[in-house]
Every structure is written in structure tokens, then in C-alpha cells.
Amino acid sequence: MTLKNLHEMPWIGEHPVLDLANTVVCGAGPARGDIDLLADPELRASWRSRAADWALANLPLEELTELRDPVRAVLDAAARQARLPETARTRLNDLAASAPVTFQVEKGGRLVEREGGGPAAGAAARQALVLAAGPEQARLQRCPAPSCGMFFLARRRDQAWCSTGCGNRARSARRRHQHTD
């Protein structure tokens, strides 16, 4: 992950839940530690300006970080095709109950889902549960490239990385490892 990418955040803005989950860049910090985009005021402001859901992005910092932990836990389990962690699932279920969805049939007979109001954290919790256990779960992956770890929805069945840059970095690291053996 380049410093330019870190500030431009090209992975933010496609899906509100992924935006929140991807505020941690795995292994890109000093000594291969993680970088928390919400912990740094400048990076947090950049993330807030790019996030897909304005209401979610503008939650107080404490609320964002408290929501992020169970979101990341269920997405991580779902990406590995594992059982969702009980505490994270329960926390998200409780939050999701505060932001109901309604269904309406339009004039043309099409069934549509509408947000029923409620807090942004509740809507994000519901979206996280839908992503982790709904039809999109099959596309949910976590990028294995060095210094990434981002969650993403694969666009192709054979997509292994979240971006071309991550694919290049992973192949380069693999070649370096082969030459050192």
C-alpha cells in the first residue's frame, strides 16, 4: 500500500459496510502493524469525505469504532466461510432491530425494499448482516496481498485480490520469496 493510496483511499465509496470495515489497513504500518484510518484525524477526515453513506461516516468516532469491531468480525468469518462469531452477530442483530426495513409493491408490481428510518448504526449493522449471511456472501473476500487485508466483493469468480495493485504486490512478493529460497 503506497502512502498516496492511503491518503486517496481508492477502495472507499462503493459499499457503506465495506467502507467501515476497511478503515483498518492490515500490515501497512510500522513494523508491519495495522493502520487505523479512524485514529488519525487527517485520515479520518479523508475517509469521512469519501464514504458511501454520509450518515454513517458522520457518526461520532466512539460509535464508529464500536460498530466497526463486530462488523469486521462477521465479515472476516463470512469471507472465510466460517460461522459468524456469536457476540458480534448478537450485537449487530440488536443494532439492526433499531433500523427497520419495509417492503412495498410499486404500481408495476415490483417489490421494493425501503429504509424504515432509524439510526445510521442500525442500518449499517443490518447491511453487514445481509452482506455476511445473504446472497452477496459468496462474493465477499478478504485481500491476501501484503499490507492490505481489505474486504471486497469479487466481480469475477477468479478474482483473488481487491485491486490490480494488490495483485502486482502479491506476485512481486511471491517472486522475491522464491528467489531467496
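Some notes on this structure:
- Subset tally (residues that are surrounded by 15 or more Cβ atoms within 10 Å (Cβ to Cβ), touching a residue at least 60 places away in the same chain (Cβ under 8 Å) and not small (Gly, Ala, Ser)) for the stretch 16-63: 11
- Residue selected from the stretch 93-136 under the condition assigned to a helix (DSSP H, G or I) and out of contact with any helix residue (DSSP H, G or I) (no Cβ under 6 Å at 6 or more places or on another chain), by the criterion most open to solvent (accessible area, probe 1.4 Å): Pro135
- Those residues of the stretch 64-81 which are open to solvent by 10 Å² or more (accessible area, probe 1.4 Å) and either closer than 17 Å to Gly149 by Cα or touching a residue at least 12 places away in the same chain (Cβ under 8 Å) (or both), in sequence order: Thr65, Arg68, Asp69, Pro70, Arg72, Ala73, Asp76, Ala79, Arg80, Gln81
The values are calculated or read from the model by the stated rules, or taken from the named source; none is laboratory data. Everything numeric here is computed off the predicted structure, so don't read it as measured data. Because the Cβ atoms are built from the backbone with ideal geometry, glycine has one as well, and the counts that use them run over all protein chains shown. Areas reflect the complete protein model, heavy atoms only, side chains present, ligands, DNA and RNA absent. Shrake-Rupley method; radii C 1.70, N 1.55, O 1.52, S 1.80 Å.
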